[in-house]
């Protein structure tokens, strides 16, 4: 059995009128490292697409590769952190008349719109017996399928009253359909009149209650679906002590970092929702778990630690792997191997020394201060009095 993941994070878009995000790339990179460090995902089986790498065609190709190579028993993860939007539905499968859109780097209202219909067709390629989890940190994610009727024209940003100290909401991860494009015709219009109120929600046809992707997710397709907010809400780009992340992604990742035991998907969702409430974030993360996966551990369960006489051999192998990756300039792989070393070594001092090396790689080589800070926070969890870690975190706040 294999664990494989596709992590997508998009801050920048070719269309200059699309507002850039600040935390989406961090979300994708951080989740990828957590999967490798704690859940046994091998670096070769985790693909991260950010910004210009995450075009519509590249996303669909990578999703196809993720699913086409899967076998029964594999754990598959799709994570997407970017803007969301909507376009008029053309095939009649949406009960409110609008398809949800995942905004790719090259999003173009006339030529490159990635709809939930296309995502559904791609996800349908997952083989029977494979365990797929799709996680969406976008506006109106719900299950990344339906616009919840009247809410699609009332996409207000949650106010920031009551936010925990150090938390700042930067704006919604949503881009509205521009008036100057007539997407329904696939052509530019000189100017359209202001949008009319959406039609009343009619009773959907059987099997169409959630659109194309929703039909798969809700009618027996074996996939877990986690969304950063309800269909009538926006997901926020946010700052946590100066580190930019999606509000939902931050909470989910913080739960994963602070929990050493396995969690079911329902438990992960409940703890993420509770943390968002404590932080004052007015989003309601959504979840769907199909029958048969209620007791399945999130991400296939944490990597078991090796004990006994074989531990020394595995540690030596990991140390050789770290050296080989660093000599070849494969720094992301070196970081993942370092985290495996942290899990293997028994003493707190040796764990701290290894994480200090991770911090150096992130700061000096990868130039990723957000990842360096998270690694430094791990140092303080092991050694709360570590003077260097405290000084560094104080300097970057």
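In table form, for the structure just shown:
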read-out: Residue in region 100-120 that is at pLDDT 80 or above, under 19 Å from the mean Cα position of the chain (by Cα), surrounded by 24 or more Cβ atoms within 10 Å (Cβ to Cβ) and in a helix (DSSP H, G or I) present; value: yes
read-out: Residue in region 343-365 that is closer than 17 Å to residue 42 by Cα and at pLDDT below 85 present; value: yes
read-out: Spans of helices (runs of 4 or more DSSP H) in region 278-397 with at least 1 residues closer than 30 Å to residue 230 by Cβ; value: 369-382
read-out: Selection status of residue 34, more than 22 Å from residue 120 (Cα to Cα), assigned by TED's automatic domain parsing to the domain that holds residue 293 and either modelled with pLDDT of 85 or more or in contact with a helix residue (DSSP H, G or I) (Cβ under 8 Å, 6 or more places away or on another chain) (or both); value: yes
read-out: Odd one out for residue 275 among (1) surrounded by fewer than 22 Cβ atoms within 10 Å (Cβ to Cβ); (2) outside the structural domain of residue 382 (by TED's automatic domain parsing); (3) at pLDDT below 85; value: (3)
read-out: Residues of region 55-83 satisfying the condition of being farther than 20 Å from residue 300 by Cβ and part of a strand (DSSP E or B); value: 81
read-out: Of all residues making up region 20-54, the number that are closer than 10 Å to residue 8 by Cα and in a loop (DSSP other than H, G, I, E, B); value: 1
read-out: Residue list for region 285-296, restricted to those being at negative phi and surrounded by fewer than 16 Cβ atoms within 10 Å (Cβ to Cβ); value: 291, 294, 295
read-out: Subset of region 59-83 (residues that are more than 16 Å from residue 120 (Cα to Cα) and surrounded by 13 or more Cβ atoms within 10 Å (Cβ to Cβ)); value: 69, 70, 74, 75, 81, 82, 83
read-out: Residue match in region 297-312 (condition: closer than 21 Å to residue 376 by Cα and either touching a residue at least 24 places away in the same chain (Cβ under 8 Å) or surrounded by 14 or more Cβ atoms within 10 Å (Cβ to Cβ) (or both)); value: no
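The values are calculated or read from the model by the stated rules, or taken from the named source; none is laboratory data. Computed from a predicted model, the values in this text were never measured in an experiment. Positions of Cβ are backbone-derived with ideal geometry, glycine not excepted, and every protein chain shown enters the neighbour counts.
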